[in-house]
1. Might you report the magnitude of the Cβ-based charge dipole of the range 60-248 about its Cα centre, with Lys and Arg at +1 and Asp and Glu at -1, to the nearest 20 debye?
2. How many percent of all Cα-Cα pairs in the range 60-248 sit more than 30 Å apart?
3. Would you mind counting up the charge near M194? Only other residues with Cβ under 10 Å from its Cβ, with Lys and Arg at +1 and Asp and Glu at -1.
4. Output wanted: per-residue J couplings in Hz (rounded whole) for the range 201-213, from phi through Karplus 6.51 cos²θ - 1.76 cosθ + 1.60, θ = phi - 60°, x for Gly and Pro.
5. Step through the residues of the range 242-249 one at a time and calculate ³J(HN,Hα) from phi using the Karplus curve (6.51 cos²θ - 1.76 cosθ + 1.60, θ = phi - 60°), rounding each to whole Hz and writing x for Gly and Pro.
6. What trypsin sites (Lys or Arg not before Pro) does the range 130-161 have in DSSP loop regions with at most 14 other beta carbons within 10 Å?
7. Let me have the relative contact order for the range 60-248, percent, based on Cα pairs under 8 Å that are six or more residues apart.
8. Taking 0.36 nm per intervening residue step and subtracting the Cα-Cα distance, what contour gain separates T185 from T90 on full extension?
Amino acid sequence: MKNIFISSLLSLALLFSPLAVLAAGGGGGGSVFVETPAPVVAPAPAPAPTPTLRCDQETMKERIQCRLGLNEEEEEQELAIQYLPEECRTLMSGEQETCIDRYKALRSCWEKPVGVGRSACAAAALGIKKNLATDLKQCLKQTGVERKVCQAAVKAKGFALIKFRLYDLSERAEGLLRSGKADLTSVTNLVNAMEATKQKFNQASTYAARRALILSARAEWKKFVAKFRGKISATDYLGQALTDLQTVK
């Protein structure tokens, strides 16, 4: 009986001895369980807000007025988001890309002084080698389909140069606005008229219709200049546009 009791005590001692060892502190040489905290995962950074257009109103006139009200930094941000001139907006995909490329090629010309220097810059940017009449004569050296392709290309460049002259009037009016010499409404109306003329010019199919549009743009410019007489040159350079039209008609 005594042996059984002693044996039971030994069994209990063996059973609980690991717990005693594990419970011992560092000074006792035993192991200590330390709960490892869960790793802290930093939250993912919030995505940067998608920039949105300020001037994406329903009508062309509203978009123009909005853009004219932007400062230089805001305008650059707008162009970085979407570069889509009003003339190009109404064209189909392939034509639209060509139109956008043309506007980009012309951007450096606005740094040139108004008049001959600016016009020469535009002609070079559009790929006119000497002048429209001379370029058309060069086409006559070719025959068949090649001649027709050459003539069509020169004609397209001529139309682009005419529309540049309309664009030039818009830029000059905008310059008057930036200098504080013209009001926003008047400049908006002038720019809207020039943009509408360019779009109608693209749709016109006859010499007479295109000529009438140039004359209409000239009338709009005269009204604008009369309102700000003495603050801006009345010269419109549309006489050259009429000559160019006669050349490539």
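1. On the way: 32 positive and 23 negative charges, 222 e Å.
Rounded to the nearest 20 debye, it is 1060 debye.
2. Numbers: 3379 of 17766 pairs.
That fraction is 19 percent.
3. Values: positive: K163, R165, K198; negative: E86, E87, D168, E171, E195, E220.
Taking every Cβ under 10 Å from that of M194, the sum is -3.
4. With the stated coefficients, the range 201-213 comes to 4, 5, 8, 5, 10, 10, 4, 4, 5, 5, 5, 4, 5 Hz.
5. 5, 5, 4, 5, 4, 5, 9, 4
6. Working: sites: K130, K137, K141, R147, K148, K155, K157; in loops: K130, K141.
Filter output for the range 130-161: K130, K141.
7. Numbers: 152 pairs, mean separation 43.5, N = 189.
It rounds to 23 percent for the range 60-248.
8. Details: separation 95, 0.36 × 95 = 34.20 nm, distance 2.38 nm.
Gain in length upon complete extension: 31.8 nm.
Every number in this text was worked out from the coordinates using simple rules, so none of it is lab data. Since the model is a prediction, treat every value here as computed from it, not as a measurement. Heads up, the Cβs are rebuilt from the backbone with ideal geometry, glycines too, and the neighbour counts pull from every protein chain shown.
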